[in-house]
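The values are calculated or read from the model by the stated rules, or taken from the named source; none is laboratory data. Bear in mind the structure is a predicted one, so any value in this text is a computation, not a measurement. No Cβ is skipped: glycine too gets one built from the backbone with ideal geometry, and neighbour counts run over all protein chains shown. Please note that ligands, DNA and RNA were not included when accessible areas were found on the heavy atoms of the full protein model with its side chains. Shrake-Rupley method; radii C 1.70, N 1.55, O 1.52, S 1.80 Å.
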Amino acid sequence: MDHNTNNETSRRDFVKQTTILAGGIMAAPLFGGANYFSGSSDEIKVALIGCGGRGTGAAMQALQSKENVKIVAMADAFADRLEDCYKTLTADDLSDSGITGNLKAKVDVPAERRFIGFDGYLKAIPFADVVILTTPPGFRPIHFEEAVKQGKHVFMEKPVATDPAGVKKVLEAAEIAKQKKLNVVVGLQRRYQNSYKEMFKNKHLIGDITSAQAWWNNDGVWVKKRQDNQTEMEYQMRNWYYFVWLCGDHIAEQHIHNIDVVNWFKGSYPVKAQGMGGRQVRKGKEYGEIFDHHYVEFTYEDGSILNSQCRHIPGTMSKVDELLVGTKGVIRCNDATIKDAKGKLLFQFDTKNEPNPYQTEHDELFAAIAKGQYKFADAENGAKSTMTSILGRMATYSGQVIAWDKAINSDLDIMPKKFDWNAPPPVLPNDGGYYPIAIPGVTKYV
Ligand SMILES: NC(=O)c1ccc[n+]([C@@H]2O[C@H](COP(=O)([O-])OP(=O)(O)OC[C@H]3O[C@@H](n4cnc5c(N)ncnc54)[C@H](O)[C@@H]3O)[C@@H](O)[C@H]2O)c1
């Protein structure tokens, strides 16, 4: 996160400036402009790309920030997902979402600004000052690249890619976003959470970090059943969690949060990884191709080790946490404590009234944009922590020691060549409906 606040201008100049930097007329919207329809001058217009669970939540958080935010365009691959999201955002009563009253006055998305299909993002982005990218992660590099090209500020969810080719695309766009002074926040919300921020400030109390552990162990997530008349592409898009090109496997999709905390506290990224994993319980065809457990040993340049474990197996120990061990003590993230090597408490953060970090991300992003500040450049770290989790996946799928440099330069590109409901996705089931699964010792990932 870059907290450069030197570059204050008025918001209107800021939005104008970023549009010019984005290439003047080239950045002019195809279907309208950020100011094409009515709205007050301090209004911050948002396009939501990917209107599922997190997209709906992120849109609500954007609308609940103190700034004058309006959702003006929405895009989703599927009409039903978009309409459900629209209904939620414009509901009279949002008490189920913990919101008093409603947000509907801030949702100005008539039918002509709701875009369906793979190219919906191209049509929605031009209407916005800020783009929220909350599709499955496989699409993030393409969507982020386009948002930056069009000179938009971005909130995007983690992970930001599912393969090294996608990571490199995000890194390239991140550089351009910096040049254009576009604020970019990535939804690694522990970086916006007070307990973590305070532990980070006090991490000197444990000396040099020599090892770490990270866990995301729980039961797993939803399954979307195959429906009659679905093409293979539609089935995989609906059941996206279980396909590596869309999801990255759960080591990337969820465990990235914990891996990113260790990268953050270490101030670096691993140079190599080796590990093991497989599908021990979640073996049915409805679970696509991902593993149900991974255990990875990541090594940093200074020789320190991160032992990372993630598991989706019901009935086993649940734990989502990080532990950092230093030359003088230990940080336990869930407990929000720092203790010395003998167990004496040196620091305790009181998490009782901690603000919701999902809300904080949006409060800070929109406050910066409203003030015309360039404050957030999360994309580079988002890409490198995504790469860390992909490195772990390459290690568990192959069973080999994988070096960071080799992995990122591998040109592994697992995305489809064509986005179309009738096009073949990159992995196909056999006659029995089962997908090929990585086999350590056989699968080659680099
Ligand atoms: N930070 C967090 O704690 C957190 C929590 C939940 C989810 N997430 C992330 O948010 C992202 C979305 O997860 P979710 O739980 O909302 O999933 P979801 O399935 O509920 O929503 C994804 C939406 O994107 C749509 N979509 C798919 N491909 C698209 C495309 N090419 N263009 C437009 N729309 C497309 C889907 O139809 C769906 O509506 C994931 O990257 C996930 O990791 C982050």
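Observations on the model:
- Annotation: cysteines of the chain without a disulfide-compatible partner (Cβ-Cβ under 4.7 angstrom) are C247, C310, C333.
- Between the amide H of G326 and those of T210, I331, distances stay under 5 Å, these residues lying 5 or more places away or on another chain, with hydrogens modeled in the peptide plane.
- Pair A105, A79: separation of 7 Å Cα→Cβ label points (nm): 3.2
- The chain, accessible area per residue, ligands and nucleic acids excluded (1.4 Å, Å²): 42
- Taking a straight line from the alpha carbon of K178, these lysines sit under 22 Å away, with near neighbours fewer than eight places off in the same chain left out: K16, K45, K149, K152, K158, K168, K169, K371, K375, K384.
- Take the Cα radius of gyration of the stretch 103-233 and divide it by 2.2 N^0.38 Å, N being the number of residues; the result is 1.35.
- Spin-label pair N334-N356: with each label point 7 Å from Cα along the Cα-Cβ axis, the two points sit 2.2 nm from one another.
- Net charge over other residues, Cβ less than 12 angstrom from the Cβ of I71 (K, R count +1; D, E count -1): +3
- Extension gain from N307 to H204, taking 0.36 nm per residue of separation minus the Cα-Cα distance: 35.0 nm
- Over the stretch 41-138, equivalent-ellipsoid semi-axes from the Cα gyration tensor in Å: 19, 15, 12
- Heavy atoms of I209: accessible area, 1.4 Å probe, square angstrom to 10: 20
- With a 1.4 Å probe rolled over the protein heavy atoms of all chains, the accessible area of H312, H293 falls in the order H293, H312, largest first.
- In the stretch 277-416, the portion of solvent-accessible area held by carbon and sulfur atoms comes to 47 percent [1.4 Å probe, whole percent, DNA, RNA and ligands not counted].
- Computed Rg/Rh of the chain, alpha carbon atoms with Kirkwood Rh: 0.96
- Percent of beta bridges antiparallel (DSSP, the chain, rounded to nearest 5): 55
- Projected-area average for the stretch 399-446 over all orientations - Cα convex hull basis, square nanometres: 4.6
- Where labels lie 7 Å past Cα in the beta-carbon direction, separation of D228 and M317 in nm: 4.8
- Rounded to the nearest 10 Å², the accessible area of I176 at probe 1.4 Å: 70
- If you sort L205, L63 by accessible surface, 1.4 Å probe, largest first, the order is L205, L63.
- The stretch 230-335: GluC sites (Glu not before Pro) in DSSP coil with no more than 16 other Cβ atoms inside 10 Å: E301
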